[in-house]
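> Okay, handing you the structure first.
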Amino acid sequence: ITEHIVRYKNYNFPAGMTTAEYIDSLQSFEIRDSDIFLVTYLKSGTIWTQQIIISICELAGGLNEYPNNMEQMPWLEFCEGQDYSKRPSPRLFSSHLIPSFLPSGLKEKKIIYVMRNPKDNIVSYFHFSRKSSVAGSVLVLVSLLKSFTVGGSSWFDHVREWHLNRDQYNILILTYEEMILDLKGAVKKICTFLGKGLSEAAIIQVAEKSKFENMKKNPKANYEFIPQDKIQGNFMRKGQIGDWKNFFTAEQSQRVDRLLQEKLGDLSLRFIWE
Ligand code: PPS
């Protein structure tokens, strides 16, 4: 397990995709007013929201073209020899990081944060990691049964950190569930937040392009472009809410409910999922 993970400052980073020096250097990474940041706990709807943001910016005009959504909206924490300071504006970034690792210049800047029911989140990650070289299924199973720690930190810590620090940013918080229930409404919210005045027809077009079945067919958006020797996981698996019911026992579900109460019960968070 540990060969795939580098632990730095109490946080798990996938080995080979970043370095401690680079993560530290992010503190002084220069932010532009036109930058758009998407932050998620992994498996919460990252590539879906990427597709929405990219489609909105494309229609609004002035976006530089890249071969696929990952290059268009890269994860800030995975540098891989890139110099993002050379990118033309507007720059779009994704991140799974917690606030303390992100550039200090990002404070008061626009961030879209998407979260998802932790039960569906872990089911998605479980299926993904069974095929992925980034983390072994044993890690996921152990996490599932013990502390829910997959990815950088636990889902609970991620949501807690972002909730407690939300006032330091100009943040739009969305859930995977509300995006499933009303995709057009979510597109509108993102559009308004980003200050992109798209017509009703353009909003419908973005929602259409971002539907699961349409995205799955789109080679720029479905992440099948990732070499199989790097990550074998299927990024677009099922795209539904409540799939956890097919995998959790009643006891496991109650355990997560108790954890939610224990770890986040003191916060003014309300979730719409069952
Ligand atoms: S990652 O690896 O962190 O970037 O993964 P992430 O994109 O956050 O999450 C992957 C899950 O999102 C689902 N997905 C979608 N759901 C609905 N509609 C659309 N368009 C869509 N695109 C991706 C994807 O299927 C993963 O969830 P599961 O439950 O595994 O299907």
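The values are calculated or read from the model by the stated rules, or taken from the named source; none is laboratory data. This structure is a prediction, so every number in the text was calculated from the model and none was measured. Counting neighbours? That spans all protein chains shown, and the Cβs are built from the backbone with ideal geometry, glycine included.
Rundown of residues vs (1) more than 20 Å from the chain's Cα centre (by Cα); (2) under 30 Å from Ile204 (Cα atoms), yes/no style:
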residue: Phe13; (1), (2): no, no
residue: Ile56; (1), (2): no, yes
residue: Asn64; (1), (2): yes, yes
residue: Gln72; (1), (2): no, yes
residue: Cys79; (1), (2): no, no
residue: Phe93; (1), (2): no, yes
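> Scanning for something of a type in the set (S, T, N, Q), touching a Lys or Arg at 6+ places or on another chain (Cβ under 9 Å) and more than 12 Å from the ligand (Cβ to nearest atom), does the range 187-207 turn up at least one residue? Give the derivation first.
Taking the range 187-207 and keeping what is of a type in the set (S, T, N, Q), we get 192, 199, 205.
When the remaining residues are screened for being touching a Lys or Arg at 6+ places or on another chain (Cβ under 9 Å), the result is none.
No, every residue in the range 187-207 fails to be of a type in the set (S, T, N, Q), touching a Lys or Arg at 6+ places or on another chain (Cβ under 9 Å) and more than 12 Å from the ligand (Cβ to nearest atom).
> Turning to a different aspect of this structure: Given (1) modelled with pLDDT of 90 or more; (2) within 16 Å of the ligand (Cβ to nearest atom), identify the lone condition not met by Thr149.
(1)
> Looking at (1) under 26 Å from Leu194 (Cα atoms); (2) free of Cβ contacts under 8 Å to residues at least 12 places away in the same chain, find the lone condition where Gly81 falls short.
Failed condition: (1).
> Among the residues of the range 71-78, is any buried (at least 23 other Cβ atoms within 10 Å of the Cβ) and within 15 Å of the ligand (Cβ to nearest atom)?
yes
> Ok, one more. Given the residues Arg32, Arg7, which is the only one that is more than 21 Å from Pro118 (Cβ to Cβ) and in a strand (DSSP E or B)? Talk me through it step by step, then tell me what you get.
Working: Arg32 fails: in a strand (DSSP E or B).
After applying the criteria, what remains is Arg7.
> Among the residues of the range 216-227, are any away from the ligand (no atom under 12 Å from the Cβ), touching a Lys or Arg at 6+ places or on another chain (Cβ under 8 Å) and on the phi < 0 side of the Ramachandran plot?
no
> Right, Ser85: away from the ligand (no atom under 14 Å from the Cβ), of a type in the set (Gly, Ala, Ser), at pLDDT below 95 and not in a loop (DSSP other than H, G, I, E, B) or not? Don't jump to the end; show me each part of the working.
Working: away from the ligand (no atom under 14 Å from the Cβ): yes; of a type in the set (Gly, Ala, Ser): yes; at pLDDT below 95: yes; not in a loop (DSSP other than H, G, I, E, B): yes.
Considered against the rule, which asks whether it is away from the ligand (no atom under 14 Å from the Cβ), of a type in the set (Gly, Ala, Ser), at pLDDT below 95 and not in a loop (DSSP other than H, G, I, E, B), Ser85 comes out as yes.
> Just for the range 174-201: of the residues that are of a type in the set (A, V, I, L, M) and within 16 Å of Leu59 (Cα to Cα), which one is surrounded by the fewest Cβ atoms within 10 Å (Cβ to Cβ)?
In the first step, residues of the range 174-201 are kept if they are of a type in the set (A, V, I, L, M); the result is 174, 179-181, 183, 186-187, 190, 194, 198, 201.
Right, trim to within 16 Å of Leu59 (Cα to Cα) and you get 187, 190, 194, 198, 201.
Values: Val187: 25, Ile190: 24, Leu194: 18, Leu198: 19, Ala201: 8.
Restricting to residues being of a type in the set (A, V, I, L, M) and within 16 Å of Leu59 (Cα to Cα), the top hit is Ala201.
> Where in the range 171-274 are there helices (runs of 4 or more DSSP H), lying wholly inside it, with at least 2 residues that are at pLDDT 95 or above and over 21 Å from Met70 (Cα atoms)?
Those helices (runs of 4 or more DSSP H) span 176-181, 183-194, 200-210.
> Could you say whether any residue in the range 32-44 is within 16 Å of the ligand (Cβ to nearest atom), buried (at least 24 other Cβ atoms within 10 Å of the Cβ) and at pLDDT below 95?
Within the range 32-44, one or more residues are within 16 Å of the ligand (Cβ to nearest atom), buried (at least 24 other Cβ atoms within 10 Å of the Cβ) and at pLDDT below 95.
> So Gly61 fits all but one of (1) on the phi > 0 side of the Ramachandran plot; (2) touching an Asp or Glu at 6+ places or on another chain (Cβ under 9 Å); (3) more than 16 Å from the ligand (Cβ to nearest atom); what number is the exception?
(2)
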